[in-house]
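Here is the structure we will look at.
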There are 4 protein chains.
Amino acid sequence: MQFGSDNQTGASRRVLDMMEKASSGHARGYGADEWTQAGVEALRTLFACDLEAFFVTTGTAANSLALSCLAQPWQAVLCHHQAHIFLDESTAPELFTGGARLVPVSRGDGKITARHLEEYFRCAGDDVPHNALAGALSLTQSSEIGLVYTPGEVADLCGAAHGRGLKVHMDGARFANAVASLGCSPADLTWKAGVDVLCLGATKCGALAAEAVVFFDRELAATFAHRRKRAGHLLSKGRFLASQFLGWLRDDHWLELASHANRCASELALELSAIPGVDVVWPVQASEIFVVMPKATVSALRQAGAEFSEWYASALPPGFELRDDQAFIRLVTSFVTEEDHIWQFVSLARESLGIAAA
Amino acid sequence: MQFGSDNQTGASRRVLDMMEKASSGHARGYGADEWTQAGVEALRTLFACDLEAFFVTTGTAANSLALSCLAQPWQAVLCHHQAHIFLDESTAPELFTGGARLVPVSRGDGKITARHLEEYFRCAGDDVPHNALAGALSLTQSSEIGLVYTPGEVADLCGAAHGRGLKVHMDGARFANAVASLGCSPADLTWKAGVDVLCLGATKCGALAAEAVVFFDRELAATFAHRRKRAGHLLSKGRFLASQFLGWLRDDHWLELASHANRCASELALELSAIPGVDVVWPVQASEIFVVMPKATVSALRQAGAEFSEWYASALPPGFELRDDQAFIRLVTSFVTEEDHIWQFVSLARESLGIAAA
Amino acid sequence: MQFGSDNQTGASRRVLDMMEKASSGHARGYGADEWTQAGVEALRTLFACDLEAFFVTTGTAANSLALSCLAQPWQAVLCHHQAHIFLDESTAPELFTGGARLVPVSRGDGKITARHLEEYFRCAGDDVPHNALAGALSLTQSSEIGLVYTPGEVADLCGAAHGRGLKVHMDGARFANAVASLGCSPADLTWKAGVDVLCLGATKCGALAAEAVVFFDRELAATFAHRRKRAGHLLSKGRFLASQFLGWLRDDHWLELASHANRCASELALELSAIPGVDVVWPVQASEIFVVMPKATVSALRQAGAEFSEWYASALPPGFELRDDQAFIRLVTSFVTEEDHIWQFVSLARESLGIAAA
Amino acid sequence: MQFGSDNQTGASRRVLDMMEKASSGHARGYGADEWTQAGVEALRTLFACDLEAFFVTTGTAANSLALSCLAQPWQAVLCHHQAHIFLDESTAPELFTGGARLVPVSRGDGKITARHLEEYFRCAGDDVPHNALAGALSLTQSSEIGLVYTPGEVADLCGAAHGRGLKVHMDGARFANAVASLGCSPADLTWKAGVDVLCLGATKCGALAAEAVVFFDRELAATFAHRRKRAGHLLSKGRFLASQFLGWLRDDHWLELASHANRCASELALELSAIPGVDVVWPVQASEIFVVMPKATVSALRQAGAEFSEWYASALPPGFELRDDQAFIRLVTSFVTEEDHIWQFVSLARESLGIAAA
């Protein structure tokens, strides 16, 4: 019963096969090879635009390098209070941007809204060089609490941000899950809605270690090659990154993988929410489920081998008061989640609560 | 009617005289001179302990250099949401610490309390190296909204911080005002209450440009000399900094200067709060007064030559709703504030509101 | 005829197989998995000591992260004038160390010697905080010009460095080639000779993207986990790195691969040095060959499809004057170099010079 | 007998008077005051061009902030091997530039020449993003070994640098001495010869702590205000810096002060070079004298109270071999050097060597 994280999975067969294929023979180093070129072209096709893209191995690297192209060292980056860049990537954004500041604006809400930005700007000073002005907005799609922003919501936020001179970054570690959930095109969800840079993550959804930093505004990419190199993120054998993307994107494989994860999450959430004493506290729109349940149930599940994480209290919905006998947990499904494990998990939860099977 | 900022004043005569005296003859460079040694000794006497101290020219340098000795680049510094280091010093803390992160914890309240720290720790993750753990707590004394922390409050906060392994920094840009307000000893308000490093500002209260970084925990000072030098803050003619402190501290001159400012602030606040339509929104405990008044009154005052600043909406007390016809302003008194200006300001305010003189 | 760089190769079959094996099933994230643990144990066995080790994907990351544990931001790192960290890794060392300075000390010679260090210390100031004192020495094994340091030479340099309080870093991007060349044990060439940290590179010699930062002085590793994370170099699926090392090290596979490369280099060098008009300008002790030949020959070889690089003029031996009609090139052999290509290359060179086959 | 450093002097009376005058009354903070405006205007007049200028307190801050506007974090700054920025300012350039690299190019010679730049470019790689390309050239005027660059020499170097896309920085900590020595106009020696940014130092020549960063290429100043603020170098009471410059520049006071220092240096050098056994090893063109003399003489002079520094062996002229019984020292004259001290110093030297007075 693996619901700990989608990064605890291996790689999809197709991704591995493509990587292996890429391993034969010689190729030019440092991304000057044909695989890398093909990888970038695949992204251009996918997003139907003349983007610029670069491959790196981790989401932290992708996000921080991208942000360093959007915000000056004396600026701020607005983000959600649960943003991965804010909570889970140490101070990587500060290192790569040369000291720009992350400022959460979401005040406990599930998603950032234009109202949050208005409120931020109403209160923030604009007295340079004293105040650190906002230089970028960072959205996460799907979000760290399992919500998705619709193309319309993204467009509203980008409009509000651009109107203030901010650039927009999208952390797409689970972008595949968002696209699969919304059923819209990758283009609709990004550059057509105003996103300037997307960090498209394949790692959590079938790749081994492959993220693409996709610049829809190509001018913003001007210094990226320098920044990637001096951060040690330019692989000499670049084809190993690009080939993962080629295997992942071909024939909509990435969406199949993401859809499976989403479907499992929906099922699991549906079942859990039917159990008295168990609360699914945020809508489940992608592959993450946030649940409040008795601590005793958590213990019973762990005892039975279930893997999942207790989560940040700050991720509870506004006003939600956790009782002393309750735990707040996160469950994540993935491209390899097994149906059986869902039923097993739900049964165990019911059983621990003394509730008959549905 | 100068209520814009205490940094718009010149220097006290006694400070200038001492500086001039220090100018005669040769002296060893880079702080190896006798004036600097005497300046450090004067601080040891003032605080009645064997501290280590360094002089710099600005509060931003003092604060950021001090913080860089307390927090690792992958750690966080907890502070008030109105902290000068957070709002008014660009991203200097990030530059000097190598990328540590400022995290406000005060949630709209006037001062940081132990409860804020508890709440922070309840929500913050402790999963290293992913989460940026708190490495230091920064207090401002007197605070950016004109409040003072009592020795007991400081002790409580230091206790809570040290219990979690945090070091405590005190931004004392207006420390003189706090001591004058509380009537306690400098030692009681700092190391005896647990403060590890104090940035003692003389600039706002009579000096030209002189701040001392005072390490009560001398081990924390181990790298300071390197940090100051590579930040360009080691003056070759160090005696010019130390002499300012010598002139400022001698015969309690600093407290006289601060007391004058505090007294003026009390009077001004008392008079203003007696005017219907004018709200003094925070207790006035040092030299700053935060006032909500009709925009029309603000205009009339400005017209008459009064100087003051409109202030961050985020500094309003929690729940306070500013009406569209109201402005939120800050008034600061100083060691040279003239009584006449206080009465003139109050009269003009009354007049603009059509209220007879008191 | 691929002599461009050993990083233009793919991965060894055994490395790929182990990676694939590691891909099945779930594993804990961020290096908390069993593969990673086994990878570290394999290194402990290899070096016969209780070392601490971390895996990353690139040599630049490995070197810069390692150096950041050895030198303070206000210190210098002494290195060879052709060091990869100095010439080929952008300003990654500066980024990761927070601004430490690289200072070449080798004055044109092929290897750093204790005499170079003496000369450096004779001239360098020691007036802190003004002078940037040396905090670390970096050696490259095998070196960027294809030379190897004997255990005795390493010991001499480490002794001289430690005597001055410096830590010693070894860039082992081609450490395998050095061990294969010298026939000594990995322990003799590192910690037994005084090396504090080794960056052991597998990428250039059979892996896809895998480098280990090996701390023989475990205390120096205290902050590494933080540094790696905030640099975006902590892979969520850590087993993909460790498994490469496991495949690479098992049954001395790494040494077989390196020996092949070395053998090819020796043959190629021997043949080339027998051609009048062609100079092999440095002894060939590992897998790199530095050659001066007529530009016309270079053109002919390129025309025929040979791949190799023109090299930095600063890598010529001291006093060597390149004529206008000569080119200075570097040839690198690898674990997949084909014998046929060696003979083909030599024949073409001879032919272009009008010299009969040997 | 104060020949230790010109930074061991106090301030000129006229500078102090102007500072004091600036202290009366209120003034707007952070450089928005009239004194600062007048200071910038004075520089515009002095250099006869529409420059942009900023004041800071130290030469290290001025140089590093200036360089941070000229070179990207992944670039190199070419400089003299004795450059103050390279030897005496810790790693401040790295901190402020975000990690750009200083590369000395002068190979032991007294001044940088166009030939040095050619040689650098012949050897340096231009393979981005691997190689750190040169982004700026830094000259020191007068130089750290007491030489001056003529306007023609400056123009040659700027031409060579600009031709390669480099910007040119001039460290003018002793610019006054250079102008006084050459008798040319400040404009001829800077922007007319191609200098992009000059750090004009007043501290060593009569001010207390005042340096101006003068941008002749105003576009390069675009980010300066941000950089200065976040480095803690924006003084709240900016008039104290500007007033020093106003007092210093008025009526050519600065040139009088510098001329005095230069004249004293010439006299001292002339007398010393006439003493057998004493070598003045570099031409004395400004206010610094580099001397090789017997260690016994050095001891005798110190015993008699003379102050001066032993100097970096790397500053000896190429090929100069210091004998074991010889010392290499630096003497610096200043605006307050007394004639008597010169004669006293020379007499003592002669006496210690058993040579009759001239």
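Derivation of every value follows stated rules applied to the coordinates shown; laboratory data play no part. The shown structure was predicted, so the numbers you read here are calculated from the model rather than taken from an experiment. Ideal geometry is used to build each Cβ from the backbone, glycine not excepted, and the neighbour counts take in all protein chains shown.
Distance between the pseudo-spin-label points of C:Asp252 and A:Glu338 (7 Å out from Cα toward the beta carbon): 4.2 nm.
Please give me the summed charge of the neighbours of B:Pro151: other residues whose Cβ is under 9 Å from its Cβ, Lys and Arg +1, Asp and Glu -1. Net charge in that neighbourhood comes out at -1. Binning the alpha carbon pair distances of the range B:55-104 at 10 angstrom intervals from zero yields the distribution 29, 61, 10, expressed in whole percent. Take B:Glu338, push a point 7 Å out from Cα through the beta-carbon direction, and compare it with the same point in every other copy: 4.5, 8.7, 9.5 nm, smallest first.
Look at the stretch B:206-216: the mean tally of other chain Cβ atoms within 10 Å of its residues' Cβ atoms is 2. Relative intensity of the range D:141-226 on a log10 scale, I(q)/I(0) at q = 0.19 Å⁻¹, equals -0.85, per a Debye sum over C-alpha point scatterers of equal strength in the absence of solvent. Which percent of the Cα-Cα distances in the range B:1-100 go past 20 Å? Here the long-distance tail beyond 20 Å is 58 percent of all Cα pairs in the range B:1-100. Here the range B:254-352 is treated as an ellipsoid with the same Cα gyration tensor; its semi-axes, largest first and in whole Å, are 21, 16, 11. In terms of Cα atoms, the Rg and Dmax of the protein assembly as shown work out to 33.6, 115 Å.
Here the sum of -39500 (n - 2.57) over DSSP H runs of 4 or more residues, divided by the residues of chain B, equals -12000 deg cm²/dmol at 222 nm, to the nearest 500. Within the range A:141-181, the proportion of Cα pairs with more than 17 Å between them is 33 percent. Straightening the chain between D:His162 and D:Ser185 buys 6.1 nm, computed as 0.36 nm per residue apart minus the Cα-Cα spacing. Residue and distance for the chain C Cβ closest to the axis that moves C onto A, in whole Å, come to C:Thr57, 3. Among beta bridges identified by DSSP and lying wholly in chain D, the antiparallel ones come to about 55 percent. Given R0 = 60 Å, the distance between the Cβ atoms of C:Ser347 and C:His26 translates into a calculated FRET efficiency of 0.65. With label points defined 7 Å past Cα in the direction of Cβ, position B:Ala187 shows copy-to-copy spacings of 5.7, 6.3, 7.5 nm, given to one decimal and shortest first. Normalised by 2.2 N^0.38 Å, with N the number of residues, the alpha-carbon radius of gyration of the range B:301-355 equals 1.30. The residues A:His341, B:His162, when put in order of fewest to most other Cβ atoms within 10 Å, stand as B:His162, A:His341. Comment: the Cα-to-Cβ extended label point of B:Pro276, at 7 Å, lies 6.0, 10.3, 11.5 nm from its counterparts in the other copies, nearest first.
As a proxy for reagent exposure, ranking D:Val56, C:Val280 by other Cβ atoms within 10 Å from fewest up yields C:Val280, D:Val56. Taking the inverse of the mean 1/r over every pair of distinct Cα atoms in the range A:194-278 gives a Kirkwood hydrodynamic radius of 15.6 Å. Along the range A:169-177 the Karplus relation, 6.51 cos²θ - 1.76 cosθ + 1.60 evaluated at θ = phi - 60°, assigns HN-Hα couplings of 10, 10, 7, x, 4, 10, 4, 4, 5 Hz to successive residues, with x for each Gly and Pro. Over the range B:50-177, the alpha carbon radius of gyration divided by the compact-protein estimate 2.2 N^0.38 Å works out to 0.99. When C:Trp254, C:Trp282 are sorted by how many other C-beta atoms sit within 10 angstrom of their C-beta, beginning with the fewest, the order is C:Trp282, C:Trp254. Extending 7 Å from the Cα toward the beta-carbon at both C:Thr223 and C:Gln303 defines two label points whose distance is 5.7 nm.
If you model chain A as an ellipsoid using its alpha carbon gyration tensor, with each semi-axis the square root of five times an eigenvalue, the axes come out at 34, 27, 16 Å, biggest first.
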